[in-house]
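Written out below as C-alpha coordinates is the structure these notes cover.
The values are calculated or read from the model by the stated rules, or taken from the named source; none is laboratory data. Values in this document were obtained by computation on a predicted structure and should not be read as measured data. Cβ: placed from backbone, ideal geometry, glycine included. Neighbour counts: every protein chain shown. These accessible areas exclude ligands, DNA and RNA; they are computed on the full protein's heavy atoms, side chains included. Shrake-Rupley method; radii C 1.70, N 1.55, O 1.52, S 1.80 Å.
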Amino acid sequence: MTVELKQGVYWVGAIDWHIRDFHGYSTHKGTTYNAYLVIGKKIALVDTVKAPFFEEMLARISNIIAPETIDYLVINHVEMDHSGSLPLIRETLPRVEILCSPRAEEELKQHYGEEIPFKVMKTGDVLELGEKTLTFVEVPMVHWPDSMVTYVKEDKVLLPNDAFGQHIATSERFDDELGWDIIRPELAKYYANIVMPYGAQVLKALEAVKGIEIEMIGPSHGLIWRKHIPQLVATYESWAKGETEKRALIVYDTMWGSTEKMAMAIYRGLTEEGIPAKIYRLSNSDKSDIVKELLEARGLLLGSPTLNNGLFPTVAEFSTYIKGLRPKGRIAAVFGSYGWGAGATKTLAADLQAAGMEVVEDLQVKFIPIGEKFDKCEMLGQGVALKIKAS
Ligand code: FEO
(Lines give C-alpha, C1' and ligand atoms only; values in the text may rest on other atoms or scores of the structure.)
Protein backbone atom coordinates (compact mmCIF):
# COMPACT_ATOMS: atom_id res chain seq x y z
CA MET A 1 0.00 0.00 0.00
CA THR A 2 1.30 3.47 -0.86
CA VAL A 3 1.41 5.92 2.03
CA GLU A 4 1.68 9.54 0.95
CA LEU A 5 2.48 12.09 3.67
CA LYS A 6 2.30 15.07 1.31
CA GLN A 7 2.39 15.27 -2.44
CA GLY A 8 5.70 13.71 -3.42
CA VAL A 9 6.64 12.60 0.11
CA TYR A 10 6.05 8.93 0.89
CA TRP A 11 6.56 6.44 3.71
CA VAL A 12 8.46 3.46 2.30
CA GLY A 13 9.51 1.71 5.53
CA ALA A 14 8.99 -1.79 6.89
CA ILE A 15 6.89 -3.28 9.68
CA ASP A 16 8.57 -5.68 12.11
CA TRP A 17 5.62 -7.44 13.76
CA HIS A 18 7.71 -10.04 15.55
CA ILE A 19 10.60 -8.31 17.29
CA ARG A 20 10.28 -8.62 21.07
CA ASP A 21 13.81 -7.65 22.12
CA PHE A 22 15.43 -4.55 20.65
CA HIS A 23 19.00 -4.64 21.96
CA GLY A 24 17.72 -5.49 25.43
CA TYR A 25 14.63 -3.25 25.35
CA SER A 26 11.38 -5.24 25.33
CA THR A 27 9.20 -4.47 22.33
CA HIS A 28 5.93 -6.21 23.20
CA LYS A 29 4.20 -4.57 20.23
CA GLY A 30 6.93 -4.94 17.59
CA THR A 31 8.20 -1.91 15.73
CA THR A 32 8.59 -0.26 12.34
CA TYR A 33 11.68 0.99 10.52
CA ASN A 34 10.54 4.12 8.73
CA ALA A 35 12.16 5.33 5.54
CA TYR A 36 10.85 8.19 3.42
CA LEU A 37 10.97 8.98 -0.27
CA VAL A 38 11.03 12.62 -1.34
CA ILE A 39 10.33 13.19 -5.02
CA GLY A 40 11.22 16.44 -6.73
CA LYS A 41 12.99 16.73 -10.06
CA LYS A 42 15.55 14.56 -8.31
CA ILE A 43 14.68 11.87 -5.79
CA ALA A 44 15.96 11.29 -2.28
CA LEU A 45 15.48 8.35 0.04
CA VAL A 46 15.71 9.46 3.68
CA ASP A 47 17.02 6.61 5.86
CA THR A 48 16.79 2.91 5.18
CA VAL A 49 15.57 -0.09 7.16
CA LYS A 50 17.18 -2.93 9.10
CA ALA A 51 18.97 -5.17 6.58
CA PRO A 52 16.51 -8.15 6.65
CA PHE A 53 13.71 -5.73 5.64
CA PHE A 54 15.49 -4.30 2.59
CA GLU A 55 13.28 -6.17 0.09
CA GLU A 56 10.13 -4.91 1.84
CA MET A 57 11.37 -1.32 1.51
CA LEU A 58 12.39 -1.85 -2.09
CA ALA A 59 8.94 -3.25 -2.94
CA ARG A 60 7.28 -0.17 -1.43
CA ILE A 61 9.60 2.12 -3.38
CA SER A 62 8.87 0.16 -6.57
CA ASN A 63 5.13 0.88 -6.11
CA ILE A 64 5.94 4.56 -6.54
CA ILE A 65 9.03 4.87 -8.76
CA ALA A 66 11.71 2.72 -10.35
CA PRO A 67 14.31 2.38 -7.53
CA GLU A 68 17.15 3.05 -10.02
CA THR A 69 15.85 6.61 -10.37
CA ILE A 70 16.79 7.47 -6.77
CA ASP A 71 19.57 10.08 -6.76
CA TYR A 72 20.36 10.49 -3.07
CA LEU A 73 20.28 8.51 0.13
CA VAL A 74 20.22 10.63 3.29
CA ILE A 75 21.46 8.81 6.38
CA ASN A 76 20.15 10.65 9.41
CA HIS A 77 21.61 8.13 11.87
CA VAL A 78 24.18 5.34 11.68
CA GLU A 79 22.62 2.77 14.03
CA MET A 80 22.00 -0.36 12.02
CA ASP A 81 18.21 -0.39 12.32
CA HIS A 82 18.42 2.58 9.91
CA SER A 83 21.71 2.28 8.02
CA GLY A 84 21.67 -1.53 7.86
CA SER A 85 20.52 -1.65 4.24
CA LEU A 86 23.39 0.56 3.05
CA PRO A 87 25.51 -2.29 1.58
CA LEU A 88 22.43 -3.67 -0.23
CA ILE A 89 21.58 -0.22 -1.58
CA ARG A 90 25.13 0.24 -2.88
CA GLU A 91 24.89 -3.15 -4.55
CA THR A 92 21.42 -2.60 -6.04
CA LEU A 93 21.54 1.13 -6.75
CA PRO A 94 25.22 1.93 -7.30
CA ARG A 95 24.72 5.47 -8.63
CA VAL A 96 23.01 6.75 -5.46
CA GLU A 97 24.95 9.53 -3.72
CA ILE A 98 25.04 9.12 0.06
CA LEU A 99 24.61 12.13 2.36
CA CYS A 100 25.29 12.19 6.08
CA SER A 101 26.51 14.36 8.96
CA PRO A 102 30.27 14.84 9.54
CA ARG A 103 30.24 12.50 12.52
CA ALA A 104 28.21 9.92 10.60
CA GLU A 105 30.83 9.82 7.84
CA GLU A 106 33.41 8.70 10.38
CA GLU A 107 31.05 6.13 11.93
CA LEU A 108 29.73 4.79 8.62
CA LYS A 109 33.28 4.10 7.47
CA GLN A 110 33.81 2.15 10.70
CA HIS A 111 30.68 0.13 9.96
CA TYR A 112 30.86 -0.43 6.22
CA GLY A 113 34.42 0.32 5.04
CA GLU A 114 36.70 3.26 4.40
CA GLU A 115 36.25 3.27 0.63
CA ILE A 116 32.61 4.43 0.53
CA PRO A 117 32.22 8.04 -0.70
CA PHE A 118 29.96 10.26 1.39
CA LYS A 119 28.76 13.82 0.88
CA VAL A 120 28.87 15.54 4.26
CA MET A 121 26.00 17.84 5.28
CA LYS A 122 26.30 20.21 8.24
CA THR A 123 23.62 22.15 10.09
CA GLY A 124 22.00 24.60 7.69
CA ASP A 125 23.21 22.83 4.55
CA VAL A 126 20.63 22.48 1.81
CA LEU A 127 20.00 19.88 -0.87
CA GLU A 128 17.94 21.19 -3.78
CA LEU A 129 15.99 18.41 -5.43
CA GLY A 130 14.05 20.79 -7.67
CA GLU A 131 10.46 21.40 -6.40
CA LYS A 132 11.63 19.99 -3.05
CA THR A 133 14.31 21.33 -0.75
CA LEU A 134 15.91 19.33 2.03
CA THR A 135 17.67 21.08 4.89
CA PHE A 136 19.67 19.42 7.62
CA VAL A 137 20.18 20.05 11.33
CA GLU A 138 22.69 18.07 13.37
CA VAL A 139 21.22 16.84 16.68
CA PRO A 140 24.13 15.03 18.35
CA MET A 141 23.19 12.34 20.90
CA VAL A 142 19.57 12.14 19.81
CA HIS A 143 20.35 9.27 19.63
CA TRP A 144 24.07 8.91 18.68
CA PRO A 145 26.77 11.53 18.07
CA ASP A 146 26.02 11.28 14.32
CA SER A 147 22.28 12.00 14.49
CA MET A 148 20.73 14.69 12.31
CA VAL A 149 17.25 15.62 11.18
CA THR A 150 16.05 16.31 7.64
CA TYR A 151 13.40 18.92 6.87
CA VAL A 152 11.36 19.03 3.68
CA LYS A 153 10.86 22.78 3.31
CA GLU A 154 7.97 22.98 0.80
CA ASP A 155 5.85 20.46 2.73
CA LYS A 156 6.87 21.44 6.29
CA VAL A 157 7.70 17.81 7.04
CA LEU A 158 10.34 17.04 9.67
CA LEU A 159 12.12 13.68 9.49
CA PRO A 160 13.93 13.50 12.85
CA ASN A 161 14.90 9.82 12.87
CA ASP A 162 14.85 8.38 16.44
CA ALA A 163 13.40 11.50 18.09
CA PHE A 164 9.62 11.21 18.67
CA GLY A 165 9.73 7.49 17.78
CA GLN A 166 7.77 4.65 19.35
CA HIS A 167 8.24 0.90 19.05
CA ILE A 168 4.85 -0.16 17.81
CA ALA A 169 3.90 -2.20 14.75
CA THR A 170 0.54 -1.24 13.29
CA SER A 171 -1.21 -1.11 9.97
CA GLU A 172 -2.08 2.52 10.78
CA ARG A 173 0.60 5.02 9.78
CA PHE A 174 -0.63 8.30 11.30
CA ASP A 175 -1.11 9.32 14.94
CA ASP A 176 -4.76 10.33 14.51
CA GLU A 177 -5.59 6.88 13.11
CA LEU A 178 -4.51 5.24 16.38
CA GLY A 179 -4.96 7.96 19.00
CA TRP A 180 -2.73 9.76 21.51
CA ASP A 181 -3.75 7.53 24.44
CA ILE A 182 -2.53 4.41 22.65
CA ILE A 183 0.68 5.92 21.28
CA ARG A 184 1.74 7.91 24.37
CA PRO A 185 2.74 4.90 26.53
CA GLU A 186 4.96 3.62 23.70
CA LEU A 187 6.40 7.11 23.18
CA ALA A 188 7.18 7.22 26.91
CA LYS A 189 8.74 3.77 26.96
CA TYR A 190 10.91 4.65 23.98
CA TYR A 191 12.00 7.96 25.51
CA ALA A 192 12.73 6.38 28.91
CA ASN A 193 14.77 3.47 27.58
CA ILE A 194 16.55 5.13 24.63
CA VAL A 195 16.58 8.90 24.94
CA MET A 196 16.49 9.61 28.72
CA PRO A 197 20.26 10.01 29.23
CA TYR A 198 20.30 12.82 26.64
CA GLY A 199 17.74 15.26 28.05
CA ALA A 200 20.08 18.24 27.68
CA GLN A 201 20.71 17.39 24.03
CA VAL A 202 16.96 16.91 23.42
CA LEU A 203 16.32 20.42 24.73
CA LYS A 204 19.02 21.77 22.39
CA ALA A 205 17.49 19.87 19.46
CA LEU A 206 14.01 21.21 20.29
CA GLU A 207 15.48 24.70 20.40
CA ALA A 208 17.19 24.17 17.03
CA VAL A 209 13.92 23.25 15.30
CA LYS A 210 11.74 25.76 17.19
CA GLY A 211 11.75 28.34 14.41
CA ILE A 212 10.80 25.80 11.78
CA GLU A 213 7.18 25.50 10.69
CA ILE A 214 6.15 21.87 11.09
CA GLU A 215 2.98 20.25 9.78
CA MET A 216 4.14 16.65 9.99
CA ILE A 217 6.82 14.69 11.86
CA GLY A 218 7.97 11.37 10.45
CA PRO A 219 10.16 9.59 13.01
CA SER A 220 12.14 6.46 12.21
CA HIS A 221 9.95 4.19 14.37
CA GLY A 222 6.20 3.97 14.82
CA LEU A 223 3.45 6.38 13.86
CA ILE A 224 3.85 9.58 11.85
CA TRP A 225 2.68 12.69 13.73
CA ARG A 226 0.25 15.09 12.05
CA LYS A 227 -2.45 15.76 14.66
CA HIS A 228 -0.78 15.73 18.08
CA ILE A 229 2.38 17.74 17.33
CA PRO A 230 1.86 20.40 20.07
CA GLN A 231 1.26 17.71 22.75
CA LEU A 232 4.19 15.70 21.42
CA VAL A 233 6.66 18.58 21.62
CA ALA A 234 5.38 19.70 25.05
CA THR A 235 5.64 16.14 26.38
CA TYR A 236 9.18 15.68 25.06
CA GLU A 237 10.19 19.01 26.57
CA SER A 238 8.78 18.02 29.94
CA TRP A 239 10.62 14.67 29.91
CA ALA A 240 13.85 16.31 28.74
CA LYS A 241 13.64 18.74 31.67
CA GLY A 242 13.19 15.76 34.02
CA GLU A 243 9.74 16.84 35.22
CA THR A 244 8.05 14.17 37.34
CA GLU A 245 4.88 13.54 39.34
CA LYS A 246 4.63 13.03 43.09
CA ARG A 247 4.51 9.25 43.05
CA ALA A 248 6.96 6.44 43.70
CA LEU A 249 8.11 3.03 42.53
CA ILE A 250 9.22 0.26 44.83
CA VAL A 251 11.48 -2.11 42.91
CA TYR A 252 13.08 -5.11 44.58
CA ASP A 253 13.84 -8.80 44.53
CA THR A 254 13.82 -11.28 47.35
CA MET A 255 15.32 -14.64 48.36
CA TRP A 256 13.30 -15.87 51.35
CA GLY A 257 10.69 -13.12 51.39
CA SER A 258 12.34 -10.69 53.83
CA THR A 259 13.13 -7.93 51.33
CA GLU A 260 9.61 -8.42 49.97
CA LYS A 261 8.15 -7.89 53.46
CA MET A 262 10.22 -4.72 53.70
CA ALA A 263 8.86 -3.57 50.33
CA MET A 264 5.27 -4.09 51.47
CA ALA A 265 5.85 -2.17 54.72
CA ILE A 266 7.50 0.66 52.79
CA TYR A 267 4.51 0.73 50.44
CA ARG A 268 2.23 1.15 53.47
CA GLY A 269 4.31 4.03 54.73
CA LEU A 270 4.33 5.81 51.39
CA THR A 271 0.64 5.42 50.65
CA GLU A 272 -0.46 6.30 54.21
CA GLU A 273 1.30 9.60 53.65
CA GLY A 274 -0.63 10.06 50.42
CA ILE A 275 2.03 9.19 47.84
CA PRO A 276 0.76 6.73 45.20
CA ALA A 277 3.19 3.88 44.61
CA LYS A 278 3.66 0.85 42.37
CA ILE A 279 5.56 -2.29 43.34
CA TYR A 280 7.69 -4.41 41.01
CA ARG A 281 9.47 -7.65 41.89
CA LEU A 282 12.32 -7.90 39.41
CA SER A 283 12.24 -11.66 38.92
CA ASN A 284 8.82 -11.39 37.30
CA SER A 285 8.84 -7.86 35.90
CA ASP A 286 10.22 -6.33 32.76
CA LYS A 287 12.95 -3.74 33.34
CA SER A 288 12.04 -1.70 30.22
CA ASP A 289 8.45 -1.37 31.49
CA ILE A 290 9.64 -0.32 34.96
CA VAL A 291 11.89 2.35 33.44
CA LYS A 292 8.90 3.65 31.50
CA GLU A 293 7.11 4.16 34.84
CA LEU A 294 10.19 5.78 36.35
CA LEU A 295 10.18 8.41 33.60
CA GLU A 296 7.35 10.24 35.35
CA ALA A 297 7.73 9.07 38.97
CA ARG A 298 9.66 11.19 41.46
CA GLY A 299 10.58 8.46 43.96
CA LEU A 300 12.51 5.20 43.54
CA LEU A 301 12.89 2.77 46.43
CA LEU A 302 15.21 -0.02 45.40
CA GLY A 303 15.69 -3.16 47.47
CA SER A 304 18.03 -6.15 47.35
CA PRO A 305 18.92 -8.94 49.70
CA THR A 306 22.65 -9.35 50.28
CA LEU A 307 23.88 -12.44 48.46
CA ASN A 308 27.52 -13.47 48.87
CA ASN A 309 28.34 -9.95 50.12
CA GLY A 310 26.81 -8.32 47.06
CA LEU A 311 23.61 -7.64 45.16
CA PHE A 312 20.98 -10.17 44.16
CA PRO A 313 21.64 -10.71 40.40
CA THR A 314 18.30 -9.36 39.09
CA VAL A 315 18.74 -6.20 41.16
CA ALA A 316 22.35 -5.83 39.99
CA GLU A 317 21.11 -5.92 36.39
CA PHE A 318 18.44 -3.30 37.04
CA SER A 319 20.78 -1.08 39.01
CA THR A 320 23.37 -1.15 36.21
CA TYR A 321 20.67 -0.32 33.67
CA ILE A 322 19.44 2.64 35.72
CA LYS A 323 22.97 3.94 36.23
CA GLY A 324 23.37 4.20 32.46
CA LEU A 325 19.97 5.83 31.85
CA ARG A 326 20.62 8.55 34.45
CA PRO A 327 17.08 9.49 35.51
CA LYS A 328 18.35 12.54 37.39
CA GLY A 329 16.56 14.40 40.12
CA ARG A 330 14.65 11.48 41.61
CA ILE A 331 14.37 11.00 45.37
CA ALA A 332 15.70 7.55 46.17
CA ALA A 333 15.99 5.11 49.04
CA VAL A 334 17.66 1.72 49.27
CA PHE A 335 16.73 -1.23 51.46
CA GLY A 336 17.33 -4.94 51.89
CA SER A 337 17.73 -7.87 54.23
CA TYR A 338 20.91 -9.77 55.04
CA GLY A 339 21.99 -12.76 57.12
CA TRP A 340 25.52 -12.25 58.44
CA GLY A 341 27.45 -9.87 56.12
CA ALA A 342 25.47 -6.82 54.94
CA GLY A 343 26.48 -4.75 51.93
CA ALA A 344 23.89 -4.77 49.14
CA THR A 345 22.45 -1.35 49.92
CA LYS A 346 25.86 0.32 49.85
CA THR A 347 26.32 -0.77 46.22
CA LEU A 348 22.75 0.24 45.36
CA ALA A 349 23.18 3.67 46.90
CA ALA A 350 26.42 4.21 44.95
CA ASP A 351 24.71 3.21 41.68
CA LEU A 352 21.73 5.50 42.23
CA GLN A 353 23.95 8.40 43.22
CA ALA A 354 26.00 7.81 40.07
CA ALA A 355 22.70 8.01 38.14
CA GLY A 356 22.15 11.49 39.58
CA MET A 357 19.62 10.62 42.30
CA GLU A 358 19.53 11.82 45.88
CA VAL A 359 19.60 8.79 48.19
CA VAL A 360 17.77 9.89 51.33
CA GLU A 361 17.40 6.59 53.22
CA ASP A 362 19.38 3.36 53.54
CA LEU A 363 17.86 0.56 55.60
CA GLN A 364 19.22 -2.95 56.12
CA VAL A 365 17.45 -5.55 58.24
CA LYS A 366 19.09 -8.65 59.68
CA PHE A 367 17.20 -11.77 58.55
CA ILE A 368 13.46 -11.12 58.93
CA PRO A 369 11.75 -7.72 59.36
CA ILE A 370 9.76 -8.42 62.52
CA GLY A 371 8.77 -6.12 65.39
CA GLU A 372 10.72 -2.87 65.44
CA LYS A 373 12.52 -3.78 62.24
CA PHE A 374 9.17 -3.88 60.43
CA ASP A 375 8.17 -0.52 61.90
CA LYS A 376 11.42 1.01 60.60
CA CYS A 377 10.48 -0.04 57.06
CA GLU A 378 7.11 1.65 57.35
CA MET A 379 8.82 4.75 58.73
CA LEU A 380 11.22 4.72 55.79
CA GLY A 381 8.23 4.83 53.43
CA GLN A 382 6.73 7.71 55.42
CA GLY A 383 10.02 9.61 55.41
CA VAL A 384 10.45 9.32 51.65
CA ALA A 385 6.80 10.33 51.15
CA LEU A 386 7.35 13.50 53.18
CA LYS A 387 10.42 14.35 51.09
CA ILE A 388 8.48 13.79 47.86
CA LYS A 389 5.61 15.94 49.13
CA ALA A 390 8.01 18.72 50.10
CA SER A 391 9.83 18.63 46.75
FE1 FEO B 1 16.41 3.57 15.86
FE2 FEO B 1 19.25 4.83 17.41
O3 FEO B 1 18.26 3.75 16.22
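What to note about this one:
- Think of the chain as a dipole: +1 on every Lys or Arg Cβ, -1 on every Asp or Glu Cβ, centred on the Cα centre; then among Val291, Gly179, Asn34, Val291 lies furthest on the positive end.
- The lysines whose alpha-carbon is closer than 18 Å to the alpha-carbon of Lys132, local same-chain residues fewer than 8 away aside, are Lys6, Lys41, Lys42, Lys153, Lys156.
- Phi to ³J(HN,Hα) by Karplus 6.51 cos²θ - 1.76 cosθ + 1.60 over region 254-260, Hz, x for Gly, Pro: 8, 9, 10, x, 6, 5, 5
- Within the shell defined by Cβ-Cβ distances under 15 Å, the residues around Ser26 carry a net charge of -2, with Lys and Arg each +1 and Asp and Glu each -1.
- Helix axis angle, 344-354 relative to the chain longest principal axis, alpha carbon, degrees: 40
- Scanning residues 5 or more positions from Val3 or on other chains, those with amide H under 5 Å from its amide H are Trp11, with H placed 1.01 Å from N in the peptide plane.
- Lys/Arg +1, Asp/Glu -1 at C-beta; region 245-390 dipole; positive extreme among Met264, Leu282, Ala355: Ala355
- For region 245-390, the Kirkwood hydrodynamic radius from C-alpha pairs, put into Stokes-Einstein at 20 °C and a viscosity of 1.002 mPa s, yields a diffusion coefficient of 148 µm² per second.
- In the chain, the DSSP beta bridges split such that about 45 percent are antiparallel, to the nearest 5.
- Taking Cα atoms only, the orientation of helix 102-112 departs from the longest principal axis of the chain by about 90 degrees.
- Region 245-390: relative contact order in percent, alpha carbon pairs under 8 Å with at least 6 residues between: 31
- Tail weight of P(r) past 30 Å, computed on alpha-carbon pairs of region 3-240, percent: 16
- For the chain, relative contact order (Cα pairs under 8 Å, six or more residues apart, normalised by length) works out to 12 percent.
- Cross-link pairs Lys189/Lys246; Lys227/Lys278; Lys122/Lys227; Lys346/Lys366; Lys241/Lys323 - those with Cα-Cα distance over 22 Å: Lys227/Lys278; Lys122/Lys227
- Leu386 sits with roughly 90 Å² accessible to a 1.4 Å probe, with DNA, RNA and ligands left out of the calculation.
- Compared with the dominant Cα axis of the chain, that is its longest principal axis, helix 372-390 is turned about 40°.
- Near the amide H of Lys227, within less than 5 Å, lie the amide hydrogens of Asp175, Asp176, all on another chain or at least 5 residues away, with H placed in the peptide plane.
- Local electrostatic count, Trp180, Cβ distance below 14 Å [Lys/Arg +1, Asp/Glu -1]: -3
- Surface/4 estimate of mean projected area, convex hull on alpha-carbon atoms of region 158-301, nm²: 9.7
- Fraction of accessible area attributable to carbon and sulfur, the chain (%, probe 1.4 Å): 53
- Solvent-accessible surface of the chain, taken per residue with a 1.4 Å probe and all protein chains present: 40 Å².
- Pairs from the table (Lys29/Lys210; Lys261/Lys373; Lys287/Lys328) lying more than 21 angstrom apart at Cα are Lys29/Lys210.
- Aspartates and glutamates with Cα under 20 Å of Lys109, excluding same-chain neighbours fewer than 8 positions away: Asp47, Glu79, Asp81, Glu91, Glu97, Glu138, Asp146
- Charge sum, other residues only, whose C-beta stays under 14 Å from Ala354's C-beta, Lys/Arg counted +1 and Asp/Glu -1: +3
- The gain in end-to-end length when the Glu106 to Asp181 segment is fully stretched comes to 23.0 nm, 0.36 nm per residue minus the alpha carbon separation.
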